[in-house]
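Enquirer: If you scroll down you'll find the structure; I have some questions about it.
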Amino acid sequence: MKPFWQRHLILLLHLSFWVAYLSFNLFNVSRYNDTVETLYLTGVVLATHLVICYFNYFLLLPRLMRERRLLPYLLRLLPVFTVLLVIRLLVEKELYSSIVTDMPYIINTARVVQVAIGMLFILAFITLLKFTTEWLVLEGERRELENQQLAVELKYLRAQINPHFLFNTLNSLYYLSYTKSDYAPEVIDRLSQMMRYMIYDANQKVVPLQSEIKHMRNYIELEQMRLNQQVKIDFEVHGPTAEIQVAPFLFMTFLENAFKHGVNPNGMGDWVQAKLSVGNSQCRYVLRNSKGMPSQNEFSVSSGVGLQNVQRRLELSYPDRHRLKLTDGQDFYEVDLTLTIA
């Protein structure tokens, strides 16, 4: 729940202004005479300002903002302003002689202009306050709607990860079943752990980095069983990871891509190297893999649904707090991702 001052900020601004205005007028008038007439005069001045300002604030300005027509607004405001100006001048003339005995109060053009300008100044200030508060409300609603749209988009992007991961894993299971591999039961066990993580944990905005690392290790072990240890796989983690939170599946997408496009299941000598480092309020992930599939040599590291997905999620989850470099070398691909985590 917001603090009291935030929930009633507009009211407090109005009250502060009128208290300051009243205090200034009381001080100014009391220099001439400290009588009850002084309070009456100050009250009349304040009353005329309150009536014209809040007649305009609550009735005329909302209509002006709806209709967006200035002339009808001025035609409604002018009669009320004129009546209040006349009332104030007449009451001031009656009370002023009791307060300032050595200076007569004369209603002439200069006096009318002086009082009218004073009323217009206060009216303009309250009008500006009205437009400012309305703009702040609209801006807050716009930002809230924008955040809701971004949250929906991010949720949609995360929802795409599950079928993408399942598609890749089912391919692995199909291959193991086709070759009658003894690893199939262990693969199913690893897969169940990964699915449990995806369903129950990874729908959060952020997850523990250690959970992501465990998920990635499970995936690497699945791939090692599928490839019968033929591919050299290195995965290193450096730095304090215990308290770090990250958006889910950012690193995993690149790892899947490395095995999908960089490893030939029937060949030897292919490799995948991943290194995750934490330090200095940053988390850096460097992934390199060989070009192990000749049929995929035209593959670009910036293509594919999974990579487009993770690039958009980086923009939403780490705006101006990430750096992604994708390198398509002669015989390798490299991903270099740095996140600012504090």
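The values are calculated or read from the model by the stated rules, or taken from the named source; none is laboratory data. Note that the structure is predicted; figures quoted are calculated from it, not measured. So basically every Cβ, Gly included, is an ideal-geometry build from the backbone, and we count neighbours across all protein chains shown.
Enquirer: Output the number of residues of region 174-187 satisfying the condition of being surrounded by 13 or more Cβ atoms within 10 Å (Cβ to Cβ) and either at pLDDT 80 or above or assigned to a helix (DSSP H, G or I) (or both).
Expert: Within region 174-187, residues that are surrounded by 13 or more Cβ atoms within 10 Å (Cβ to Cβ) and either at pLDDT 80 or above or assigned to a helix (DSSP H, G or I) (or both) number 5.
Enquirer: For the subset of region 223-272 comprising residues that are assigned to a loop (DSSP other than H, G, I, E, B) and of a type in the set (Val, Ile, Thr), which member is nearest to Ile341 (Cα to Cα)?
Expert: Only one residue tops the list, namely Ile244.
Enquirer: Only one residue in Tyr197, Tyr156 is modelled with pLDDT of 80 or more, more than 15 Å from Phe259 (Cα to Cα) and aromatic (Phe, Trp, Tyr), so which one is that?
Expert: Working: Tyr156 fails: modelled with pLDDT of 80 or more.
Exactly one of Tyr197, Tyr156 is modelled with pLDDT of 80 or more, more than 15 Å from Phe259 (Cα to Cα) and aromatic (Phe, Trp, Tyr), namely Tyr197.
Enquirer: Out of all the residues in region 63-77, which are over 13 Å from Ala124 (Cα atoms) and either surrounded by 13 or more Cβ atoms within 10 Å (Cβ to Cβ) or of a type in the set (D, E, K, R) (or both)?
Expert: Arg63, Leu64, Arg66, Glu67, Arg68, Arg69, Tyr73, Arg76
Enquirer: Have a look at Arg143, Arg88, Arg76 and point out the one that is in contact (Cβ under 8 Å) with a residue 12 or more places away in the chain and either outside the structural domain of Leu39 (by TED's automatic domain parsing) or touching a Leu at 6+ places or on another chain (Cβ under 8 Å) (or both).
Expert: It is Arg76.
Enquirer: Return only the number of the condition from (1) assigned to a helix (DSSP H, G or I); (2) at pLDDT below 85 that Ile220 does not satisfy.
Expert: Evaluating Ile220 over (1) assigned to a helix (DSSP H, G or I); (2) at pLDDT below 85 leaves (2) as the failure.
Enquirer: Can you tell me which residues in region 280-329 are at negative phi, modelled with pLDDT under 60 and either in a loop (DSSP other than H, G, I, E, B) or within 25 Å of the chain's Cα centre (by Cα) (or both)?
Expert: Answer for region 280-329, where residues must be at negative phi, modelled with pLDDT under 60 and either in a loop (DSSP other than H, G, I, E, B) or within 25 Å of the chain's Cα centre (by Cα) (or both): Met293, Asn297, Glu298, Phe299, Ser300, Val301, Ser302, Ser303.
Enquirer: With the structure loaded, tell me whether Asp234 is out of contact with any helix residue (DSSP H, G or I) (no Cβ under 7 Å at 6 or more places or on another chain) and among the acidic types (Asp, Glu) or whether it fails that test.
Expert: yes
Enquirer: Name the residues in region 201-211 that are touching a strand residue (DSSP E or B) at 6+ places or on another chain (Cβ under 6 Å) and assigned to a helix (DSSP H, G or I), would you?
Expert: Listed by number, the list holds a single entry, Leu209.
Enquirer: Listed residues Ile199, Ile244, Ile233; which is more than 28 Å from the chain's Cα centre (by Cα) and assigned by TED's automatic domain parsing to the domain that holds Ser277?
Expert: On the way: Ile199 fails: more than 28 Å from the chain's Cα centre (by Cα); Ile244 fails: more than 28 Å from the chain's Cα centre (by Cα).
Going through Ile199, Ile244, Ile233 in turn, just one is more than 28 Å from the chain's Cα centre (by Cα) and assigned by TED's automatic domain parsing to the domain that holds Ser277: Ile233.
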